[in-house]
Amino acid sequence: MDTEAVRSFVLAAEFGQLQHAADELGVTQQAVSKRIATLERRLGVQLFTRTARGVELTSDGQAFLPHAHSIVTGVDRAISAITPGALRIDVLGFRSAQAVVLHDFWRSHPGIRLDVVTLRENDPRAVVAAIRAGEVDASFRTVTDPAALPHDVRMIHAFDSPLELLVGPRHPLASASTVTPAQLRGYRIWVPGIAPRSEWADFYDQLATAFDLRVDGAGPHFGDEVLLDTLADSADVATFVGARDRYVWPAGHGLRRIPIVDPVLVYPLSLLLPENAHPGLRPIIDHFRNLAPVTEDAWRPSWGSQASSQRSASSTVGTTSAGGSGGLRTITTGTSS
């Protein structure tokens with residue numbers, strides 16, 4: 001089986017657009033289309049249906065997707081085992097604020113060998129195991145109970161991601177320039193596919209409790225395009241997105257991204273890394289420190305508030321190399337706003 005065809009399928013499923021997958025791979029849309037067609041012939045099934053908006057997974061495509069993720073992850077891990085030197089950082093998704101900030105960093109440091117990957121793991125223990133095994137050098141994950149971390153893995157605050165409300169043009173709040181959490185009460189905030197016991201499940205549980213919000217995690221997540229289509233057609237469904245998250249939708253959707261204020265709802269993003277960290281992480285952490293801080297009144301989950309208090313008391317969070325000049329001696333983060 002052509003693993004690059006499988007990779008093309010995974011990216012097309014994530015983006016919902018062959019062109020976006022091609023851009024990510026650095027090839028033409030025609031090349032991606034041919035790879036997927038070859039894969040479909042190899043499997044004897046149709047993986048996508050083509051629509052005016054892009055591509056949508058068939059039932060066979062949905063069944064194949066998790067296994068395709070495993071194939072791509074296995075190939076990446078095999079390559080990394082014999083190709084030392086490149087900095088590998090795990091992100092939750094290629095549209096996430098994590099990937100966007102890393103892309104901004106790479107554009108200003110194109111000489112750095114940087115691999116951005118997605119482990120597709122909801123269990124932080126599996127991510128910690130991947131870090132300890134050297135499969136990735138760092139991961140944008142939060143262990144909400146730091147006492148559960150092994151002694152040779154550290155967690156530092158990376159940056160804060162303010163939430164925005166994303167709604168369709170017929171939603172009652174669509175014309176608002178800003179909204180407050182109090183104004184969101186009673187509305188259905190649909191966040192499909194919240195993984196049980198994940199950090200974001202904890203985040204949304206605390207958020208819903210703090211502001212008496214209706215956060216609905218029902219149903220599987222069939223991809224961002226399905227979610228965006230639902231929002232465009234709905235007069236009562238909204239969702240949350242990060243202010244730096246990258247989303248693209250057809251012009252006819254008319255979706256609105258609305259900042260949330262009084263207070264700003266902040267998702268604190270953390271970085272897991274080994275004690276003897278890759279030296280290439282230091283300039284990336286410096287890049288995080290220089291991001292514009294959240295200066296307004298802000299709400300954070302309990303684990304984010306604790307990290308904020310610790311940063312207020314001390315502006316540095318260090319990781320000490322276990323030895324040798326190749327390790328990252330100290331990682332410095334910015335002071336809390």
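Check 243, 218 and return the single one that is surrounded by 15 or more Cβ atoms within 10 Å (Cβ to Cβ) and among the aliphatic types (A, V, I, L, M). Can you show your working first?
On the way: 218 fails: surrounded by 15 or more Cβ atoms within 10 Å (Cβ to Cβ).
Within the list 243, 218, the selection yields 243.
How many of the residues making up the stretch 113-152 are over 18 Å from residue 242 (Cβ atoms) and modelled with pLDDT of 95 or more?
Result for the stretch 113-152: 1.
From the list 268, 259, exactly one residue is buried (at least 20 other Cβ atoms within 10 Å of the Cβ) and in a strand (DSSP E or B). Which is it? Reasoning before the result, please.
Working: 259 fails: buried (at least 20 other Cβ atoms within 10 Å of the Cβ).
Of 268, 259, the one residue that is buried (at least 20 other Cβ atoms within 10 Å of the Cβ) and in a strand (DSSP E or B) is 268.
Please give the number of the condition residue 249 fails out of (1) touching a Lys or Arg at 6+ places or on another chain (Cβ under 9 Å); (2) among the hydrophobic types (A, V, I, L, M, F, W, C); (3) surrounded by 17 or more Cβ atoms within 10 Å (Cβ to Cβ); (4) outside any loop (DSSP other than H, G, I, E, B).
Here residue 249 meets the rest and fails (4).
Just to be sure I understand, how many residues within the stretch 106-126 are buried (at least 18 other Cβ atoms within 10 Å of the Cβ) and assigned to a helix (DSSP H, G or I)?
Summing the residues that are buried (at least 18 other Cβ atoms within 10 Å of the Cβ) and assigned to a helix (DSSP H, G or I) in the stretch 106-126 gives 1.
Would you point out which residue out of 99, 68, 130, 78 is surrounded by fewer than 18 Cβ atoms within 10 Å (Cβ to Cβ) and assigned to a helix (DSSP H, G or I)? Steps first, answer last, please.
Numbers: 99 fails: surrounded by fewer than 18 Cβ atoms within 10 Å (Cβ to Cβ); 68 fails: surrounded by fewer than 18 Cβ atoms within 10 Å (Cβ to Cβ); 130 fails: surrounded by fewer than 18 Cβ atoms within 10 Å (Cβ to Cβ).
Just one listed residue meets the conditions, 78.
Which one is modelled with the lowest pLDDT among residues in the stretch 271-307 that are part of a helix (DSSP H, G or I) and touching a Pro at 6+ places or on another chain (Cβ under 8 Å)? Break it down into steps so the answer makes sense when it comes.
Initially, the stretch 271-307 is screened for residues part of a helix (DSSP H, G or I), giving 281-289, 302-307.
Remaining after also requiring touching a Pro at 6+ places or on another chain (Cβ under 8 Å): 303-304, 307.
On the way: 303: 86, 304: 81, 307: 49.
My answer is 307.
Any residue at all in the stretch 175-191 that is in a loop (DSSP other than H, G, I, E, B) and within 30 Å of residue 285 (Cβ to Cβ)? Please lay out each step first, then the result.
Kept after step one, since they are in a loop (DSSP other than H, G, I, E, B), are these residues of the stretch 175-191: 175-178, 180, 185-187, 191.
Filter once more, so that each one left must be within 30 Å of residue 285 (Cβ to Cβ): 191.
Scanning the stretch 175-191 turns up at least one residue that is in a loop (DSSP other than H, G, I, E, B) and within 30 Å of residue 285 (Cβ to Cβ).
Checking residue 92 against (1) assigned to a loop (DSSP other than H, G, I, E, B); (2) over 12 Å from the mean Cα position of the chain (by Cα), which single condition isn't satisfied?
Only one criterion is unmet by residue 92, namely (2).
Filter the stretch 126-174 for residues that are within 24 Å of residue 285 (Cβ to Cβ) and acidic (Asp, Glu); which is nearest to the chain's Cα centre (by Cα)?
Restricting to residues being within 24 Å of residue 285 (Cβ to Cβ) and acidic (Asp, Glu), the top hit is 160.
The values are calculated or read from the model by the stated rules, or taken from the named source; none is laboratory data. The structure displayed is predicted, hence computed values, not measured ones. Please note: Cβ atoms are built from the backbone with ideal geometry, for glycine as well, and neighbour counts cover all protein chains shown.
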